[in-house]
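Written below as structure tokens is the structure these notes are about.
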Amino acid sequence: MQARAAQPEQAGNDAVLAGFRRSIDNIDAALVCMLAERFRITQAVGEYKARVQLPPADPDREARQIARLRSLAEDADLDPEFSEKFIRFVIEEVIRHHQRHAAAEAEAG
Ligand SMILES: O=C(O)C(=O)C[C@]1(C(=O)O)C=C[C@@H](O)C=C1
């Protein structure tokens, strides 16, 4: 006879899975804190760029960041495609913030 597949609600009683999930929760918390810190500094970069009238996006800098992170990802056994998608996603959001700073600066004259 074949064993019945466990249902997702049974996962709550699984001590092994609970141990893995504690570690995942710690890592997710660290990721959020690191992202918050990254956005804190890019906020300052956006204000500075708007003040000295530098463009929000710097494609050459992005290309260097992506190449570096792809190489780090390969060394760390992480999919470089994923690391590129992730950093592009973050940088796109930063550029939107920078554009808002530039618009506010232009409006203030
Ligand atoms: O380094 C900059 O010039 C930034 O504005 C920061 C940042 C980033 O989030 O890393 C964002 C936008 C640029 O296109 C490049 C990099």
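The values are calculated or read from the model by the stated rules, or taken from the named source; none is laboratory data. This structure is a prediction, so every number in the text was calculated from the model and none was measured. Glycine also receives a Cβ, built like all others from the backbone with ideal geometry; neighbour counts cover every protein chain displayed. All accessible areas refer to the heavy atoms of the entire protein, side chains included, with ligands and DNA or RNA removed. Shrake-Rupley method; radii C 1.70, N 1.55, O 1.52, S 1.80 Å.
Tabulated values for the structure
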read-out	value
Positions within segment 62-80 being part of a helix (DSSP H, G or I), open to solvent by 100 Å² or more (accessible area, probe 1.4 Å) and more than 15 Å from the ligand (Cβ to nearest atom), in sequence order	Glu74, Asp75
Number of the condition not met by Val45 [criteria: (1) touching a helix residue (DSSP H, G or I) at 6+ places or on another chain (Cβ under 7 Å); (2) surrounded by 14 or more Cβ atoms within 10 Å (Cβ to Cβ); (3) not hydroxyl-bearing (Ser, Thr, Tyr)]	(1)
Pairs with Cβ under 6 Å, 6+ apart, first in segment 17-33 and farther than 22 Å from Phe86 by Cβ, second of a type in the set (Asp, Glu)	none
Answer from Leu72, Leu35, Leu54 - the residue that is farther than 30 Å from Ala103 by Cα and out of contact with any Ser or Thr (no Cβ under 7 Å at 6 or more places or on another chain)	Leu72
Hey, Gln10 open to solvent by 60 Å² or more (accessible area, probe 1.4 Å) and either within 12 Å of the ligand (Cβ to nearest atom) or not in a helix (DSSP H, G or I) (or both) or not	no
Matching residues in segment 35-53 - criterion: being β-branched (Val, Ile, Thr) and near the ligand (Cβ under 9 Å from one of its atoms)	Ile41, Thr42, Val45
